[in-house]
1. Search region 38-53 for residues being buried (at least 18 other Cβ atoms within 10 Å of the Cβ) and in a helix (DSSP H, G or I), and hand back the single one that is nearest to the chain's Cα centre (by Cα).
2. Would you check if there is a residue in region 54-77 being loosely packed, with under 10 Cβ neighbours inside 10 Å, within 21 Å of Arg35 (Cα to Cα) and within 16 Å of the chain's Cα centre (by Cα)?
3. Report whether or not Thr30 is of a type in the set (Val, Ile, Thr), free of Cβ contacts under 8 Å to residues at least 24 places away in the same chain and exposed (fewer than 12 other Cβ atoms within 10 Å of the Cβ).
4. For the structure I just gave you, tell me whether Asp62 is among the acidic types (Asp, Glu) and either modelled with pLDDT of 85 or more or in contact with a His (Cβ under 9 Å, 6 or more places away or on another chain) (or both).
5. Among the residues of region 68-83, is any in a helix (DSSP H, G or I) and at pLDDT 85 or above?
6. Somewhere in region 10-27, is a residue at pLDDT 85 or above and surrounded by 11 or more Cβ atoms within 10 Å (Cβ to Cβ)?
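The values are calculated or read from the model by the stated rules, or taken from the named source; none is laboratory data. Values in this document were obtained by computation on a predicted structure and should not be read as measured data. With ideal geometry, Cβ positions are generated from the backbone for all residues, glycine too; neighbour counts draw on all protein chains shown.
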Amino acid sequence: MRFDQRMEWLQRRGASADLICQRRQAEADTLTGIRNIGAKISTDKNRPSWVDKSAPLGAHLDQFLHAHYYQRTFDRGRADYETHFTRNRKDTDAAEHRLVANSEVHAIRANHAE
């Protein structure tokens, strides 16, 4: 379902204009955050080594997040979302900084290349 269709659906269900505005803002904030991380990841210093420099920005981010997901969120074969959420929810800027920090990126690169 497209974003505009979801908003129409919410309106038909009687959702307030304030709730709809909050949802739109939350989605816009999420997309902005994803774009910001993508811009940081696509630099030569942070770009996943297996992604060609000429690849679209989305490919850089997709591959980095894919590697991060499998290398950093799994514990004994199971994704441990709650631990990461609890640790990162209060300071998302610091979490983003740690994600993009060289030591984190290089560790993901090294593990992915093996």
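1. If we take residues in region 38-53 being buried (at least 18 other Cβ atoms within 10 Å of the Cβ) and in a helix (DSSP H, G or I), then Gly38 is nearest to the chain's Cα centre (by Cα).
2. no
3. Values: of a type in the set (Val, Ile, Thr): yes; free of Cβ contacts under 8 Å to residues at least 24 places away in the same chain: yes; exposed (fewer than 12 other Cβ atoms within 10 Å of the Cβ): yes.
Yes: the conditions hold for Thr30.
4. Numbers: among the acidic types (Asp, Glu): yes; either modelled with pLDDT of 85 or more or in contact with a His (Cβ under 9 Å, 6 or more places away or on another chain) (or both): yes.
Here the answer is yes, as Asp62 does meet what is asked.
5. Scanning region 68-83 turns up at least one residue that is in a helix (DSSP H, G or I) and at pLDDT 85 or above.
6. Looking through region 10-27, at least one residue is at pLDDT 85 or above and surrounded by 11 or more Cβ atoms within 10 Å (Cβ to Cβ).
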